[in-house]
Amino acid sequence: MSTSYIEISESAIENNLHFIRNLIGENVVFSSVVKGNAYGHGIDTYCPLAYKYGVRHFSVSDAGEASAVLDALPKKDTTIVIMGMIDNQQLEWAIENDIEFYVFEQDRLQAAINAAQKLGKPACIHIEVETGMNRTGFEQRDLKTLFQLLKNNYTHLKIKGLCTHLAGAESIANYKRITEQQKRFKRIIHFFQNNEWKVPLIHMASSAATIRYPRTRYNLVRVGILQYGFFPTEEIMVHYLTKQKSYQNPLKRIVSWKTRVMDVKSVKPGNFIGYGTSFFTNKTTHVAIIPVGYSSGFSRSLSNTGKVLIRGKRLDVIGTVNMNMMAVDITNVTEVEKGDEVVLIGNQEEQEITVSSFSDFSQTVNYELLTRLPRNIPRITIP
Ligand SMILES: *Cc1c(COP(=O)(O)O)cnc(C)c1O
């Protein structure tokens, strides 16, 4: 039971997945990135819908998420890849369940070999190389040793991919760094080829690079944020629209967050609303009490600044956001009643609360706000 609910729009998912498929064409594998509980949308809700519209390849960041995807989808024709950390016990679980994973340094690779040996079943790996993000990945100088290790343990490994990650393709300010990374990755690919290593999938592009640097697509793209109806940054959106000579955003937000009015009351002039003294009534003020607070992901920093929609009107949050409640000024919409729908993110009549307006506007804010949507709020699929 929950005091609010999240709606997931199936038609918006279909729209966004079509957009991505048209963008990359038929010959590039689309790996749907569903880390962070599918960017807050819910792995259990999102993955079956993505599957319904043709997605068969999923990328997650850890074994817990891989297990959630595994539970949500038919096993026989889906591929799941763990891009982040996987510890020694989880390695065996992953190999047993045909989950692929990145190896990014020798100890992880050795642990994978040991686990595969023990199980008598090869580990399916993606070799991650360092090209300049300086996070995870084999350094170029370690590749010779890597090849030796791969060669000596050939029967315990299936090399599925060779990959790297770009350090900020969503901003042109990083142009130099991104092009350097592309050059390094190319050298490494050649180095693999010259040593006669055949790697089926080569990948480096996330959403931003898929749009901004088409050459980075190779034969697989790892796309997260676009699926959920957002460009990684405004800059990437402007770049895309300018190239298309269009003003129409081709993506649709799939998430809405709603609740209902729990109580209404009127407060005489000269009083404070809620805890402390942050909101003072200088006239008779009608308020609606909303059963959502910071424990449900409505940030306390939205005290006296947040907006919600009720009866198609954009209304102010007044006073401090409490742990489980907040107050909204309905002085100009006195017809508001207990039980009325309240939109925290989404549309109501002509109005919209966007995910980014939900906090101080900053670059890449959608990622963080979406993943903060609590897991225990029920996700409901709507057409
Ligand atoms: C999160 C992530 C992606 C997807 O990024 P988007 O900007 O959401 O498309 C791709 N690759 C890796 C390694 C990631 O961690």
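The values are calculated or read from the model by the stated rules, or taken from the named source; none is laboratory data. Please read all numbers here as calculations on a predicted model, not as lab measurements. Cβ sites come from the backbone with ideal geometry, for glycine too, and all protein chains shown count toward neighbours. Keep in mind that these areas ignore ligands, DNA and RNA; they rest on the heavy atoms of the full protein, side chains included. Shrake-Rupley method; radii C 1.70, N 1.55, O 1.52, S 1.80 Å.
Looking at Glu196, Glu180, can you tell me which residue is assigned to a helix (DSSP H, G or I), in the same structural domain as Leu149 (by TED's automatic domain parsing) and over 30 Å from Asn16 (Cβ atoms)?
None of the others qualify; the one that does is Glu180.
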Practice problem: Would you check which residues across region 219-243 are within 13 Å of the ligand (Cβ to nearest atom), more than 20 Å from Val60 (Cα to Cα) and of a type in the set (Ser, Thr, Tyr) and list them? | Solution: Thr233
Self-check item: Of the criteria (1) within 14 Å of the ligand (Cβ to nearest atom); (2) open to solvent by 10 Å² or more (accessible area, probe 1.4 Å); (3) within 22 Å of Ser59 (Cα to Cα), which one Val129 fails
Solution: (2)
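Condition check ((1) surrounded by fewer than 15 Cβ atoms within 10 Å (Cβ to Cβ); (2) modelled with pLDDT under 95; (3) farther than 18 Å from Ser9 by Cα) across all residues:
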| position | (1), (2), (3) |
| --- | --- |
| Ile310 | no, no, yes |
| Leu315 | no, no, yes |
| Met326 | no, no, yes |
| Asn366 | no, yes, no |
| Thr381 | no, no, no |
Exercise. Hey, could you check region 199-217 for residues that are free of Cβ contacts under 8 Å to residues at least 60 places away in the same chain and assigned to a helix (DSSP H, G or I) and say which is farthest from the ligand (Cβ to nearest atom)?
Key: Arg215
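Kindly establish whether Ile290 is free of Cβ contacts under 8 Å to residues at least 60 places away in the same chain, over 26 Å from the mean Cα position of the chain (by Cα) and under 23 Å from Arg379 (Cα atoms).
Numbers: free of Cβ contacts under 8 Å to residues at least 60 places away in the same chain: yes; over 26 Å from the mean Cα position of the chain (by Cα): yes; under 23 Å from Arg379 (Cα atoms): yes.
It is true that Ile290 is free of Cβ contacts under 8 Å to residues at least 60 places away in the same chain, over 26 Å from the mean Cα position of the chain (by Cα) and under 23 Å from Arg379 (Cα atoms).
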Exercise. Output the number of residues of region 35-70 satisfying the condition of being in contact with a helix residue (DSSP H, G or I) (Cβ under 6 Å, 6 or more places away or on another chain), small (Gly, Ala, Ser) and within 14 Å of the ligand (Cβ to nearest atom).
Key: 4
Quiz item: Looking at region 357-364, is at least one residue modelled with pLDDT under 90, within 16 Å of the ligand (Cβ to nearest atom) and touching a helix residue (DSSP H, G or I) at 6+ places or on another chain (Cβ under 6 Å)?
Solution: no
Practice problem: Being open to solvent by 50 Å² or more (accessible area, probe 1.4 Å) and at negative phi narrows it down to one of Tyr228, Tyr275, so name that one. | Solution: Tyr275
Exercise. Return the only residue of Ile172, Ile178 being within 23 Å of the chain's Cα centre (by Cα), touching a residue at least 24 places away in the same chain (Cβ under 8 Å) and open to solvent by 60 Å² or more (accessible area, probe 1.4 Å).
Key: Ile172
